1. Write out, first by first residue and then by second, each pair whose Cβ atoms fall under 8 Å of each other, whose residues are 6+ apart or on separate chains, and whose first residue, in the stretch 139-160, is assigned by TED's automatic domain parsing to the domain that holds Leu191 while the second is among the acidic types (Asp, Glu) and away from the ligand (no atom under 16 Å from the Cβ).
2. Does any residue of the stretch 236-251 turn out to be under 15 Å from Gly148 (Cα atoms) and either away from the ligand (no atom under 16 Å from the Cβ) or small (Gly, Ala, Ser) (or both)?
3. Give me a count of the residues in the stretch 250-264 that are over 18 Å from the mean Cα position of the chain (by Cα) and open to solvent by less than 30 Å² (accessible area, probe 1.4 Å).
4. Limited to the stretch 179-192, what total is found for residues that are surrounded by fewer than 24 Cβ atoms within 10 Å (Cβ to Cβ) and either in contact with a strand residue (DSSP E or B) (Cβ under 8 Å, 6 or more places away or on another chain) or in a strand (DSSP E or B) (or both)?
5. In the stretch 117-144, what residues are within 16 Å of the ligand (Cβ to nearest atom) and either over 23 Å from Val270 (Cα atoms) or surrounded by fewer than 21 Cβ atoms within 10 Å (Cβ to Cβ) (or both)?
6. For the stretch 94-116, give me each residue that is out of contact with any Asp or Glu (no Cβ under 6 Å at 6 or more places or on another chain) and within 13 Å of the ligand (Cβ to nearest atom).
7. Kindly state which helices (runs of 4 or more DSSP H) lie completely within the stretch 1-97 and contain at least 1 residues that are without any contact (Cβ under 8 Å) to a residue 60 or more places away in the chain and of a type in the set (A, V, I, L, M, F, W, C).
Amino acid sequence: MRIGNLSDRLTVFTESGAVDVQKASHGRFGPDPQSVYGRWDEFVEWAGQGIGTADASAFAREDLGAPAPRPTQVFGIGANYRAHADEARLETPEFPVVFTKFPTSITGPVGDVVLSGPKVDWEAELVVVIGRLARNVATEDAWGHVAGLTVGQDLSDRTEQMKNQMPQWSLGKSFPGFSPMGPWLVTPDELADPDDLQISCTVNGTQMQFASTSALLFSVPALIAELSAKLPLLPGDVIFTGTPGGVGATRKPPVYLKAGDELVTTVEGVGELRQRFVAA
Ligand code: ZN
């Protein structure tokens with residue numbers, strides 16, 4: 001199943017087009033895309049009985065919003081691919097490196113992003129949305145707590161990120177528009193192997209990152225186990241799982257996003273994001 005946010009309304013995306021959940025469920029489920037995660041089991045059961053597609057309609061990509069627009073908690077994971085840890089001269093972490101992206105930075109899959117400065121960088125990421133409360137979850141049970149997967153960009157202002165002697169990651173990754181997500185949420189059962197998805201991004205058509213999520217140092221289940229041992233993961237919470245090698249800051253010479261650039265980010269079997277950058 002593919003669910004998401006079309007003009008701020010909870011929507012199921014079928015072969016026939018977009019189906020508005022409030023209308024299709026005769027009001028049983030409301031229009032708010034974020035609220036569905038609090039009733040995930042009930043929603044999956046309802047959807048599993050077959051969603052009528054008589055009212056399915058065409059839609060414009062520009063009208064898609066983030067599939068989880070207002071999570072209570074957003075987790076970012078640093079240095080979670082060997083190649084990126086190497087290029088950033090970071091040791092392979094023994095435990096997940098965790099930061100947050102503040103929720104006001106979340107936007108939909110297509111649109112303009114205002115550059116916060118001269119050193120804004122891309123980070124293609126697989127993003128997980130939690131569907132069932134997770135607390136002290138074992139690795140082998142972790143996928144059962146996932147509502148689905150989506151594509152994300154952990155856009156990062158490297159000046160802001162690194163300007164202190166002790167770097168702090170969250171603010172430089174939380175400018176408005178710096179957490180695009182979408183185009184929709186794909187439930188894990190739709191994917192042949194949700195632990196092995198190709199992830200990539202291009203800038204103006206040139207490939208900058210390419211990897212498989214099977215190379216994650218801490219896999220999706222391992223992250224859920226580690227995080228849920230410390231605190232509860234709530235339905236609708238979001239995990240940005242880390243970026244592969246190939247970011248701009250560690251290139252020689254470094255490459256950063258500039259006004260007019262188009263960034264396209266893809267996860268196999270899920271979809272793509274498309275951001276255009278504009279000057280402040
Ligand atoms: Zn990242």
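The values are calculated or read from the model by the stated rules, or taken from the named source; none is laboratory data. Since this is a predicted model, take the numbers as computed values, not measurements. All Cβ positions, even for glycine, are placed from backbone atoms using ideal geometry, and neighbour counts span all protein chains on display. Please note that ligands, DNA and RNA were not included when accessible areas were found on the heavy atoms of the full protein model with its side chains. Shrake-Rupley method; radii C 1.70, N 1.55, O 1.52, S 1.80 Å.
1. Val151/Glu272
2. First pass over the stretch 236-251, keeping only residues under 15 Å from Gly148 (Cα atoms): 236-241.
Checking the rest, the ones that are also either away from the ligand (no atom under 16 Å from the Cβ) or small (Gly, Ala, Ser) (or both) come to 236-237.
There is at least one residue in the stretch 236-251 that is under 15 Å from Gly148 (Cα atoms) and either away from the ligand (no atom under 16 Å from the Cβ) or small (Gly, Ala, Ser) (or both).
3. 2
4. Residues of the stretch 179-192 surrounded by fewer than 24 Cβ atoms within 10 Å (Cβ to Cβ): 187-192.
From the residues that got through so far, the ones that are either in contact with a strand residue (DSSP E or B) (Cβ under 8 Å, 6 or more places away or on another chain) or in a strand (DSSP E or B) (or both) too are 187-188, 190-191.
Total satisfying the criteria: 4.
5. Within the stretch 117-144, Lys119, Val120 meet the criteria.
6. Scanning the stretch 94-116 gives Val97, Val98, Phe99, Thr100, Lys101, Ser105.
7. Working: elements: 21-24, 40-48, 82-87.
Correct list: 21-24, 40-48.
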